[in-house]
Amino acid sequence: MKSIKSEMAGTVLEVKVEAGDTVTQGQELVIMESMKMEVPVLSTQSGKVSSVSKNVGDFVNEGETLVEIE
Amino acid sequence: METFSEVKSRVLKGGSQKNHDKNTQSKKLFARKRVDLLFDKDTFIEDGMFANCKDAELPADGVITGLGKIAGRVVAVMANDSTVKAGSWGARTVEKIIRIQETAERLMCPLFYLVDSAGARLTDQVEMFPGRRHAGRIFRNEVHLSGRVPQICLLFGPSAAGGAYIPAFCDVVFMNDGNASMYLGSPRMAEMVIGEKVTLEEMGGAKMHCSVSGCGDFLCASEEEAIEKAKKYLSYLPSNWTSSTVASKSINPEKNPSEIKTILPESPTRAYEMRTVIKCIVDKDSFLEVKELYAKELLTGFARLNGQSIGIVANQPLVKGGVLFVESANKAARFIQICNAYSIPLLFLADVPGFMIGSKIEKEGMIRAGAKMIHAVSSARVPKISLIIRKAFGAGLYAMCGPSYDTDAVLALPSASIAVMGPEPAINAVYFNKIQELNPEDKKKFMQEKIEEYNKDIDLYRLAGELIIDHIVDFEETRTELIKRFDAYSLAARKLSSPAPILPM
């Protein structure tokens, strides 16, 4: 299990995967908005998404988990 | 009685076969082999080879020191021999290191530290630890040499406790992944003293130091790779603070500068890879990124422009929106200081939304780190060009060498914009009360109107018209414009009147 965490504080702009999806390393999982910029959050490994813990519009602090991959 | 040649060959062999085998198993080269790989063939001259030679256990007292040539330039070296008492420091070891530092100062030549050492020999501590010409002097000398001659560390094994400060005071540290480590207290000591259970790799390994702590600059897969990279690094630098860099043959860039236009996304908030922009500007394959794995929202590195050595500081929109954080501000400040110390012109590629805000980053001391970066920018006396690629907002403009910083030229691409902040937050700040009173529909209309007004106010042609930026450069002209300008500004190469020491990270 690998937790993909937010690298900076911001809000969730777009969630591009859901539980059960197969993802590859480097794939965009979530797009955050921070400092008026779009910040893509990429998967650090290939695997299956086991859960997505944030919704569009949620505030996320640095280091919070966005997606879990197994 | 041993003959001279027997003594010499015994010393040249280093430590016991068992220790050599142990090193081979962990893919470590013999210290003398490392020195061979570093220098041009048959150029090495050694001092202190016979240090402690009467003691069969201590050939060269565990460190090799001397002079050699790299690409024809004289360079000094010290190399720990980990087959001798794990490369630990005795009295002669310390004296030899101090002497090679003094030699580097006398000859004003670069100094390489090939580190692989367990630290002080506790049995010899009174002879090597506390006194005037003991271990503390090594660090004092590193600080004294800082900014006078390049000091380059290749970390091939441990640098433990006090020894960890050898890399910390160097300009740059190449770490061999798997073998290199830096730590003040070993995992065993951490468990004993503070109760923490942690592995050496987690606490002081090369990956950690190159990506988290910032103590390492280059993560290398092998010793050979580290040596090659370190030589390449040196090729961008002069031998000392008063001499000039050596130009190489100009090579066309990997990509056509006109491609910059297509790299930039239509949406001003969308991310893109700044390295691709760099490929459109500098000589092909010449960008040597420094601290590639650390604070990735900002790129630093040396490159060649028309064969000339330059330093690049560039925002990286692909990571964290290119926003400046504590780590990236420190990384930039340090790199700028290195370029300044060795008279290497600086190119800033700006696409920066500003410094990070929020309670977390304020607690980390964002303002302190930002001040450090702006301090380095202000103090740098080398030719400086700031090229605004897309946006330069707020103090980000200052940090990326905006017009107020004795910048030789602030150039803008047609895609550029400069402002205290982006349109939306600016309008929210000015009309906050009014916006609160409006219903959603009116609010949207109001925002749109004001954004248009705001964008007119910060219009690029207006900024050029008011002489805030010096020139607007077409995408395809980017490289030739920079070449011509750096060439012109080199006339005013503001040589430092005294050395500029480089502060540790």
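The values are calculated or read from the model by the stated rules, or taken from the named source; none is laboratory data. It should be emphasised that the depicted structure is a prediction, and the values quoted were computed from it without experimental measurement. Virtual Cβ from ideal backbone geometry, glycine too; neighbours counted across all protein chains shown.
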Worksheet item: Is there any pair with a first residue in segment B:303-329 that is within 14 Å of another protein chain (Cβ to nearest Cβ) and a second that is assigned to a loop (DSSP other than H, G, I, E, B) and among the hydroxyl-bearing types (Ser, Thr, Tyr) whose Cβ atoms are under 8 Å apart and which are 6 or more apart or on different chains, and what are they?
Response: B:317/B:272; B:318/B:272; B:327/B:294
Worksheet entry | Residue list for segment B:87-125, restricted to those being out of contact with any strand residue (DSSP E or B) (no Cβ under 7 Å at 6 or more places or on another chain), of a type in the set (A, V, I, L, M) and at pLDDT below 95 | B:122
Item to complete: With the checklist (1) among the basic types (Lys, Arg); (2) over 28 Å from residue B:327 (Cα atoms); (3) in contact with a Leu (Cβ under 7 Å, 6 or more places away or on another chain) in hand, flag the one item residue A:5 doesn't pass.
Response: (2)
Discussion item. Residue pairs, Cβ under 6 Å, 6 or more apart or interchain, first in segment B:420-434 and under 21 Å from residue A:37 (Cβ atoms) and among the β-branched types (Val, Ile, Thr), second surrounded by 16 or more Cβ atoms within 10 Å (Cβ to Cβ) and at pLDDT 85 or above. List them.
Written reply: B:420/B:394; B:427/B:450
Worksheet item: All but one of (1) in contact with a Leu (Cβ under 9 Å, 6 or more places away or on another chain); (2) assigned to a loop (DSSP other than H, G, I, E, B); (3) farther than 25 Å from residue B:175 by Cβ; (4) at pLDDT 95 or above hold for residue B:255; which doesn't?
Response: (1)
Worksheet entry | segment B:261-311, residues that are surrounded by fewer than 23 Cβ atoms within 10 Å (Cβ to Cβ), among the aromatic types (Phe, Trp, Tyr) and within 21 Å of residue B:231 (Cα to Cα) | B:287
Worksheet item: For segment B:468-491, what are the residues that are polar (S, T, N, Q) and surrounded by fewer than 21 Cβ atoms within 10 Å (Cβ to Cβ)?
Response: B:480, B:490
Discussion item. Against the conditions (1) out of contact with any Asp or Glu (no Cβ under 9 Å at 6 or more places or on another chain); (2) within 29 Å of residue B:289 (Cβ to Cβ); (3) in a loop (DSSP other than H, G, I, E, B), where does residue B:57 fall short? Just the number, please.
Written reply: (2)
Discussion item. Condition check: farther than 25 Å from residue B:123 by Cα, free of Cβ contacts under 8 Å to residues at least 24 places away in the same chain and not aromatic (Phe, Trp, Tyr). Does residue B:33 satisfy that?
Written reply: yes
Fill in: All positions within segment B:470-501 that are farther than 19 Å from residue B:280 by Cβ, within 25 Å of the chain's Cα centre (by Cα) and not small (Gly, Ala, Ser)
B:487, B:489, B:494, B:495, B:496, B:499, B:501
Worksheet item: Identify, please: which residue in segment B:68-97 is among the β-branched types (Val, Ile, Thr) and under 16 Å from residue B:52 (Cα atoms) and is, among those, nearest to the chain's Cα centre (by Cα)?
Response: B:97
Worksheet entry | Unique residue being among the small types (Gly, Ala, Ser) and modelled with pLDDT of 95 or more when the list is B:185, B:205, B:162 | B:205
Worksheet item: Would it be correct to say that residue B:445 is at pLDDT 95 or above and among the basic types (Lys, Arg)?
Response: no
Item to complete: Identify, from the list B:372, B:363, the residue that is surrounded by fewer than 22 Cβ atoms within 10 Å (Cβ to Cβ) and over 30 Å from residue B:238 (Cβ atoms).
Response: B:363
Worksheet entry | Residues of segment A:1-16 that turn out to be part of a loop (DSSP other than H, G, I, E, B) and more than 18 Å from residue B:271 (Cβ to Cβ), as a count | 1
Worksheet, complete the sentence: Across (1) touching a Pro at 6+ places or on another chain (Cβ under 8 Å); (2) part of a strand (DSSP E or B), residue B:112 clears everything bar (1)
Practice prompt. Sort out which residues of segment B:418-441 are away from chain A (no Cβ under 14 Å), under 30 Å from residue B:466 (Cα atoms) and either surrounded by fewer than 10 Cβ atoms within 10 Å (Cβ to Cβ) or touching a Lys or Arg at 6+ places or on another chain (Cβ under 6 Å) (or both), and write them in order of number.
Written response: B:432
Worksheet item: Across segment B:375-393, which residue is nearest to the other protein chains (Cβ to nearest Cβ) among those that are crowded, with 21+ Cβ neighbours inside 10 Å and more than 20 Å from residue B:482 (Cα to Cα)?
Response: B:393
Response to the item:
Within segment B:355-393, residues being on the phi > 0 side of the Ramachandran plot and modelled with pLDDT of 95 or more number 1
Practice prompt. Would you check if there is a residue in segment B:216-230 being surrounded by 14 or more Cβ atoms within 10 Å (Cβ to Cβ), aromatic (Phe, Trp, Tyr) and either assigned to a loop (DSSP other than H, G, I, E, B) or free of Cβ contacts under 8 Å to residues at least 24 places away in the same chain (or both)?
Written response: no
Fill in: Top-ranked residue of segment A:1-35 - restricted to ones that are within 14 Å of chain B (Cβ to nearest Cβ) and of a type in the set (S, T, N, Q), ranked as nearest to residue B:295 (Cα to Cα)
A:6
Item to complete: Kindly establish whether residue B:46 is surrounded by fewer than 18 Cβ atoms within 10 Å (Cβ to Cβ), in contact (Cβ under 8 Å) with a residue 12 or more places away in the chain and either outside any helix (DSSP H, G or I) or in contact with a Leu (Cβ under 9 Å, 6 or more places away or on another chain) (or both).
Response: yes
Response to the item:
Flagged in segment A:36-70 as of a type outside the set (D, E, K, R) and within 14 Å of another protein chain (Cβ to nearest Cβ), in numbering order, are A:37, A:39, A:40, A:41, A:42, A:44, A:59, A:60, A:61, A:63
Discussion item. So residue B:53 ticks every box in (1) crowded, with 16+ Cβ neighbours inside 10 Å; (2) in contact with a Gly (Cβ under 7 Å, 6 or more places away or on another chain) but one. Which box is left unticked?
Written reply: (2)
